[in-house]
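Here the structure is laid out as structure tokens; the discussion comes afterwards.
Just so it is clear, none of the values below were taken in a lab; they were calculated from the coordinates. All values reported here derive from a predicted model rather than from experimental measurement. No Cβ is skipped: glycine too gets one built from the backbone with ideal geometry, and neighbour counts run over all protein chains shown.
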Amino acid sequence: MENNSRRGFMGKAFGAVAAVGAIGSLVAMKKSWDPLPSVKAAGFTTLDMSVYEEGKMVTEKWRGKPIFVLKKSLQLMKEEETNPEAQARNIKIGSDNFMLAIGLCTHLGCIPAFRDDKNDFLCACHGGQFSASGLVTKVPPPRGLDIPPFRIDGNMLVLGEQGPEWKKMKENGVTL
Ligand code: FES
């Protein structure tokens, strides 16, 4: 009787070990099915542009990089009326206007911080500053914040695809 229950216990224990082993190999198999990090990195990110709040800067992520998204206020749009450089960077989706940029300083790659009170970006590394539309307002950054490739699809923005609006920006030297 004691032997039986011992065998039963051993059986259960062995079963448990076998189950853990099976799960382990399933995890290993799944890992081998998952795309390589380099393949993942080449992926696209789709943003639903209808969810952003006016004047609130949001940081998204694409290919491991921070992506700044700012739905522009009417006030900001008014300020940009006399600034063709800012207008050239504007992204219009439906009746809304956006600033979109890779959130890495074009000087040496630090992540600038958005200052709500000043409505601009400050790079703490060497004091560079960018306007709310991503233009340099204080050196050392050599150019405005880069704009990631994007394609507009209704209310959605597909990061990583080169739509006509982005191609035009690139051709005109608005972004690298
Ligand atoms: S890295 Fe931003 S100012 Fe130098």
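So here's what we get for this one:
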item	result
Glu161 versus Thr46: modelled label distance in nm, points set 7 Å from Cα along the beta carbon direction	0.8 nm
24 Å Cα-Cα threshold exceeded, pairs from Lys92/Lys168; Lys138/Lys167; Lys56/Lys92; Lys118/Lys168; Lys92/Lys138	Lys138/Lys167; Lys118/Lys168; Lys92/Lys138
Note, ³J(HN,Hα) from phi for segment 92-106, Karplus 6.51, -1.76, 1.60, rounded to Hz, x at Gly and Pro	9, 10, x, 9, 9, 10, 10, 9, 10, 7, 6, x, 10, 4, 6
Ranked Met169, Met99, Met77, criterion: other C-beta atoms within 10 Å, fewest first	Met77, Met169, Met99
Chain lengthening between Lys78 and Arg115 when straightened (0.36 nm per residue, less Cα-Cα)	11.4 nm
Ranking of Ser133, Ser50, Ser73 by count of other Cβ atoms within 10 Å, fewest first	Ser50, Ser73, Ser133
Residue-count net charge about Ile67 - beta-carbon cut-off 15 Å; Lys, Arg +1, Asp, Glu -1	+3
